[in-house]
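Have a look at the structure below, then the notes.
A short reminder: the numbers here are calculations on the coordinates, not readings from a lab. Note that the coordinates shown come from a computational prediction; the quantities given were computed from them, not determined experimentally. Note that each Cβ is placed from the backbone with ideal geometry, even for glycine, and that neighbours are counted across all protein chains shown.
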Amino acid sequence: MIHLETPSKFRALVEQAHQVAAEIFRPNSRRYDRAEHEYPKELDMLGALLDGMNASGVGGAGAAGVRRESAHGEGNRNGTNLSTALGTMELCWGDVGFLLSMPRQGLGNAAIASVASEEQLQRFAGRWAAMAITEPHCGSDSAAIRTTARLDGDHYVLNGDKIFVTAGARAELVVVWATLDRSAGRAAIKSFVVEKGTPGFELVRLEHKLGIRASDTAQFALRDCRVPAANLLGDPAINVEKGFAGVMQTFDNTRPLVAAMAVGLARACIEETQRLLKAVGVEIDYDRPAHAQPAAAAELLRLEADYEAARLLTLQAAWMADNRKPNSLQASQAKAKAGRACVDIALKCVELCGSAGYGEGELLEKWARDAKILDIFEGTQQIQLLIIARRLLGKTSAELK
């Protein structure tokens with residue numbers, strides 16, 4: 001049974017993550033929002049620290065520590081999925097773009113940690129990996145991927161285009177999703193680790209974005225790009241019955257992390273709005289019903305309830321992964337709720353704070369811009385609701401589209 005308190009063994013990690021967010025992320029947040037594509041050099045030392053924490057088994061606050069643990073005895077287990085989610089919440093209280101820019105803590109690292117073999121884990125250890133799924137024509141429908149991978153001797157030849165690759169320009173490796181056989185549908189979709197500098201793997205451009213400007217977002221072209229067969233993650237066999245469950249396990253582990261990002265940002269918005277409203281005499285009285293308080297206080301109560309719901313769903317999904325429980329439904333529920341709640345909370349906080357919320361004197365307007373991506377990447381709101389419906393109704397993807 002999940003407990004609602006932060007586990008005692010993670011409290012030091014949560015406090016450290018909060019200090020990093022308060023002393024490094026937030027003070028530099030506006031600077032790198034204005035200097036888009038400039039790498040935050042303040043993160044180099046932090047990345048090295050998290051590498052040590054992950055290697056020691058303590059667990060860090062980035063995605064590199066996410067992996068389903070081996071079988072264990074009965075009882076409640078609080079592992080790296082939960083610790084990573086808790087640390088992510090704290091760091092995104094500081095700045096989401098900074099978290100996405102942390103060396104060797106990207107979603108590609110999470111993909112490797114989720115499905116790589118022990119040999120691959122060792123071979124790619126200590127390297128920064130981005131993840132390339134989305135293509136110009138298919139958006140959030142991962143099953144519609146057209147990038148192909150053709151086996152040629154001891155290499156796969158990849159051809160296709162990938163867009164919206166987070167940390168694509170800065171990472172050393174890119175986990176590319178491609179299909180071995182388009183006619184086989186989902187079952188043929190596999191993920192491949194492509195090293196930077198591989199012939200035929202070209203960085204096309206960096207995107208200019210609404211938010212998370214501290215993080216680079218890249219587009220790649222793969223043209224007869226030869227990747228060693230040993231770089232395929234998971235089982236190379238096409239199993240129609242299994243579908244692409246192997247690569248989808250990555251989402252079951254990383255969607256709670258994106259939800260955690262949204263939870264951290266939502267909390268930052270609520271706390272800042274409380275501070276600004278308190279300065280003008282508006283405070284929440286938790287001993288009085290909402291209808292008996294100022295409209296702004298009543299609205300904050302609603303936002304807090306939304307935040308708490310998102311937070312608990314996120315912790316549940318991460319806890320289930322640590323305890324080897326199927327969590328595809330809960331991962332999508334957490335991502336759907338947290339992504340939507342974060343956007344609603346950020347925009348409402350801007351509204352409640354008026355000119356202070358809309359101007360650059362405070363960070364609320366930046367957080368409102370950052371929030372939107374958290375409702376989009378790792379699967380849009382619509383995709384999450386579709387997955388949730390399939391799980392609840394017991395329908396396949398063919399039966400419910």
Q. Using a 4.7 Å Cβ cut-off, which Cys residues in the chain lack a partner cysteine?
A. Cys92, Cys138, Cys225, Cys342, Cys353
Q: Give the distance, in whole Å, between the Cα centre of segment 90-109 and the Cα centre of segment 1-44.
A: 8
Q: Output ³J(HN,Hα) for segment 222-238: one whole-Hz value per residue in order, computed from phi by the Karplus curve 6.51 cos²θ - 1.76 cosθ + 1.60 with θ = phi - 60°, and x for Gly and Pro.
A: 10, 10, 6, 7, 8, 10, x, 4, 5, 8, 6, 8, x, 7, x, 6, 8
Q.
Please compute the alpha carbon radius of gyration of the chain, then divide it by the globular-protein estimate 2.2 N^0.38 Å. Two decimals is fine.
A. 0.98
Q: Using Cα pairs closer than 8 Å and at least 6 residues apart in sequence, work out the relative contact order for segment 126-233, in percent.
A: 31
Q. Out of Asp375, Asp95, Asp152, any idea which swings most in a Gaussian network model of the chain, alpha carbons joined below 10 Å?
A. Asp152
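Between Ala12 and Asn239, 0.36 nm times their residue separation minus their Cα-Cα distance comes to what? Show your work: numbers first, answer last.
Details: separation 227, 0.36 × 227 = 81.72 nm, distance 4.37 nm.
Result: 77.3 nm gained on full extension.
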Q | Estimated 222 nm signal from helices in the chain, with DSSP H stretches of n ≥ 4 weighted -39500 (n - 2.57), rounded to 500 | A | -15000 deg cm²/dmol
Q: Would you mind calculating the relative contact order of segment 243-393 from Cα pairs under 8 angstrom and at least 6 residues apart, reporting the percent as a whole number?
A: 31
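Are there chymotrypsin sites (Phe, Trp or Tyr not before Pro) in segment 266-340 that DSSP marks as loop and that have at most 11 other Cβ atoms within 10 Å, and which are they?
Those satisfying the criteria are Tyr286.
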Q: Select from segment 139-246 those chymotrypsin sites (Phe, Trp or Tyr not before Pro) which occupy a DSSP coil region and have at most 13 other Cβ atoms within 10 Å, ordered by residue number.
A: none
Q. Rg and Dmax of segment 243-393, Cα atoms, in Å?
A. 17.0, 57
Q.
I'd like to verify something in the chain: which complete DSSP H helices, judged by Cα projection on the helix axis, reach 27 Å or more and average at least -0.5 on the Kyte-Doolittle scale?
A. 245-279, 295-322, 328-352
Q: Please work out the Cα center distance from segment 333-397 to segment 188-208, rounded to the nearest Å.
A: 28
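Find the relative contact order for the chain and round it to a whole percent, using C-alpha pairs within less than 8 Å whose residues are 6+ positions apart. Walk me through the numbers before you get to the answer.
Numbers: 771 pairs, mean separation 66.6, N = 401.
It rounds to 17 percent for the chain.
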